[in-house]
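The values are calculated or read from the model by the stated rules, or taken from the named source; none is laboratory data. Predicted model only: the values in this text are computed from it and were never measured. Methodologically, a virtual Cβ is constructed for each residue, glycine included, from the backbone with ideal geometry; neighbour enumeration extends over all protein chains shown.
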């Protein structure tokens, strides 16, 4: 009993010291709210709204405390682009779920840093380039046509006039896991997911989705010390590991098979990646570890984010039927090889990316040394840095009718796509910008071309049209922003 009391007091004392150290505002730290507990409460209630309030009150750079971390929020797109292009801010925060998710530190690009990250990133980008995923061409179009039938079968069933069942966007996102995961696997390996692994894959992916994507205000993100000790959060971390382990084993099997078959031909992503590792001394001897981390991150996040982006697209098209009609008409008159050249289709994707802002925090950065901003303020070493992409994409001074889904804004001669691209940062900016962004755009365009020629989506007339505030409130905000679970009517296209 005495030892337990001593342990509790020691833990409490250490916690107080850590809190006092973290909450002490460093010299030249950006301005921000001083009442930490009210800040945390607001962040928990409405994280995106909290970002917008901080921007409105404190300006383009905001400094605050969230949990155990100092946090700096960058609200200006120029600041975000410049800062994220600097190696001082080129790491990721030590978030526990990320470590478990990827399998440890220095695994692939997600948790590695410095020269290891640079080498792995170069291998990944070059290996993806060998797949010809951007722009769409003959070879890529063949892989893009792979495994779309399950999605069409789902929509076919829901579009039956006799059926009263509506399309749940959350369910759509989950059911897109298998076609997208199998398709991405096929693109990266040249083969389908092994049949023995397909049986429970849907359940495994859904289990990981529920365990991993906790609200961004959850202690598992910003209170790592407490998360390791509190029973509830410790259980959450165990659930993440339990859900991700079978997927890691599946990728590990693929890595072993790739090593066994050799990489002389370098016809697939996996072969090209292993071959590329030989050019970097820091990767030699760890090729399999980094291939596993890079492949898993690319494969799973593609399945997760592309499915989510597709569901957001269906939401906006159901709310704006005229946009859907014009898009279906343009897609229906074009060969698949020309999809990326379609002006209206490109504008629709840009507007989906802007209004949805599915990566609202620019996938948190971490300062490995002090970084001086141009205005004399300093981001200290050991700070979480947020690029407020949601705020950038919802700035009424840049985007007229900011909450309206209007693809034409990217077609206007004055301030059209070329100029707006400078402040549209859906895949972040700088050194850690998403390497799969072209693939995501290509897949969404291809998927839309396939489903809009046969199906049309409309807002459920039994539901009131959601306001922008309702869409914000009902979307789950984790590392990504997930589509609200609205119900959409699916019918056969009559045009």
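Conditions tested, residue by residue: (1) part of a helix (DSSP H, G or I); (2) modelled with pLDDT under 90.
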site: 291; (1), (2): yes, no
site: 299; (1), (2): yes, no
site: 318; (1), (2): yes, no
site: 326; (1), (2): yes, no
site: 330; (1), (2): yes, no
site: 334; (1), (2): no, yes
site: 340; (1), (2): yes, yes
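Taken over the stretch 467-495, the criterion of being surrounded by 13 or more Cβ atoms within 10 Å (Cβ to Cβ), part of a loop (DSSP other than H, G, I, E, B) and more than 24 Å from the chain's Cα centre (by Cα) is satisfied by 493 alone.
Pick from the stretch 417-451 the residues that are exposed (fewer than 15 other Cβ atoms within 10 Å of the Cβ) and over 30 Å from residue 183 (Cα atoms): which of them is modelled with the lowest pLDDT? Top of the filtered list is 418. Taken over the stretch 287-296, the criterion of being in contact (Cβ under 8 Å) with a residue 60 or more places away in the chain, surrounded by fewer than 24 Cβ atoms within 10 Å (Cβ to Cβ) and in contact with a helix residue (DSSP H, G or I) (Cβ under 8 Å, 6 or more places away or on another chain) is satisfied by 292 alone.
Among the residues in the stretch 62-82, are any modelled with pLDDT of 90 or more, within 20 Å of the chain's Cα centre (by Cα), closer than 25 Å to residue 357 by Cα and in a loop (DSSP other than H, G, I, E, B)? Checked the stretch 62-82: at least one residue is modelled with pLDDT of 90 or more, within 20 Å of the chain's Cα centre (by Cα), closer than 25 Å to residue 357 by Cα and in a loop (DSSP other than H, G, I, E, B).
Given the structure, is residue 105 surrounded by fewer than 18 Cβ atoms within 10 Å (Cβ to Cβ) and in contact with a helix residue (DSSP H, G or I) (Cβ under 7 Å, 6 or more places away or on another chain)? If you could, list the steps in order and put the result at the bottom.
Working: surrounded by fewer than 18 Cβ atoms within 10 Å (Cβ to Cβ): yes; in contact with a helix residue (DSSP H, G or I) (Cβ under 7 Å, 6 or more places away or on another chain): yes.
Judged against the criteria, residue 105 is a match.
Of all residues in the stretch 431-455, those satisfying the criterion of being in a loop (DSSP other than H, G, I, E, B) and farther than 21 Å from residue 167 by Cβ are 433, 434, 435, 436.
Residues checked against (1) touching a strand residue (DSSP E or B) at 6+ places or on another chain (Cβ under 7 Å); (2) within 29 Å of residue 494 (Cα to Cα); (3) modelled with pLDDT of 80 or more; (4) surrounded by 16 or more Cβ atoms within 10 Å (Cβ to Cβ):
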| position | (1), (2), (3), (4) |
| --- | --- |
| 145 | no, yes, no, no |
| 158 | yes, yes, yes, yes |
| 177 | no, yes, yes, yes |
| 202 | no, no, yes, no |
| 213 | no, no, yes, yes |
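From the list 428, 397, 458, the one residue that fits, being in contact with a helix residue (DSSP H, G or I) (Cβ under 8 Å, 6 or more places away or on another chain) and part of a loop (DSSP other than H, G, I, E, B), is 428.
Out of the residues in the stretch 236-277 meeting the condition of being touching a residue at least 40 places away in the same chain (Cβ under 8 Å) and not in a helix (DSSP H, G or I), tell me which one is surrounded by the fewest Cβ atoms within 10 Å (Cβ to Cβ). Ranking the candidates gives 267 first. Taking residues in the stretch 195-218 that are over 26 Å from residue 475 (Cβ atoms), and partners anywhere that are crowded, with 18+ Cβ neighbours inside 10 Å and modelled with pLDDT of 90 or more, the pairs with Cβ atoms closer than 7 Å and at least 6 places apart or on different chains are 197/250.
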